[in-house]
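Worksheet: the structure to be examined is printed underneath.
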Amino acid sequence: MDHVDKPLAVTIEAANRETFRTWCELFRAENLPTKRRRGTTADITEWLLKTPEALWHLYAFLPYPEQEAKTWRMEPLIVWVLLEAQRELVNALRRLVDDPTIVEAGRRYCKEWIEEYSNDL
């Protein structure tokens, strides 16, 4: 990063930090895990991965979510991508199961797949 971009990067990181603190204060009632006074998302990464609604809400709340994602280690990012892919797959199959225009054999296959797959989660 060159000297021209550095002040902007510092401003973006500060905005995300302050917004994260605000988010934590607003949603403390949601059983956020305890963290240091000057905590970061790194302090609650495991909890965020287990609580997808909170993770989605946090990233919608942050002014610069793409910058926040760049601060995460690669391993949790990969876990996040895999979890999102699993959720999307199961949701797509559920839509097929609920679609009366799909032949019964196809709907039954999707339902069995969801049931079997859900046992592995």
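Data for the structure
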read-out	value
Mean ellipticity per residue at 222 nm, deg cm²/dmol - from DSSP H runs of n ≥ 4 across the chain, formula -39500 (n - 2.57)	-23000 deg cm²/dmol
Sparse-neighbour loop sites [trypsin sites (Lys or Arg not before Pro); region 13-121; at most 16 other C-beta within 10 Å; DSSP]	Lys35, Arg36, Arg37, Arg38, Arg73
Listed candidates (i) 2, 9, 16, 17, 14, 11, 10, 8, 6, 4, 2, 1, 0; (ii) 2, 10, 16, 18, 20, 17, 12, 4, 0; (iii) 2, 11, 22, 23, 20, 12, 5, 3, 2, 1, 0, 0, 0 - label of the one calculated as P(r) over Cα pairs in 5 Å bins from 0, in percent	(i)
Segment Arg17-Arg95, extension gain: residue separation times 0.36 nm, minus the distance between their alpha carbons	24.3 nm
Residues His3, His57, sorted so that the one with the fewest Cβ neighbours within 10 Å comes first	His3, His57
Cβ-placed point charges (K, R +1; D, E -1), dipole of the chain about Cα centre in debye, nearest 20	480
Gain upon complete extension [Leu82, Ala105; 0.36 nm per residue less C-alpha separation]	5.5 nm
Local electrostatic count, Arg107, Cβ distance below 9 Å [Lys/Arg +1, Asp/Glu -1]	-1
Formal net charge of residues neighbouring Thr19 (Cβ-Cβ distance under 12 Å; K, R +1; D, E -1)	-2
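Since every read-out is calculated from the coordinates, none of them should be taken as a lab result. If you're wondering where the values come from, they're calculated on a predicted model, not measured in any experiment. For neighbour counting, all protein chains shown are included, and Cβ atoms are generated from backbone atoms with ideal geometry for every residue, glycine included.
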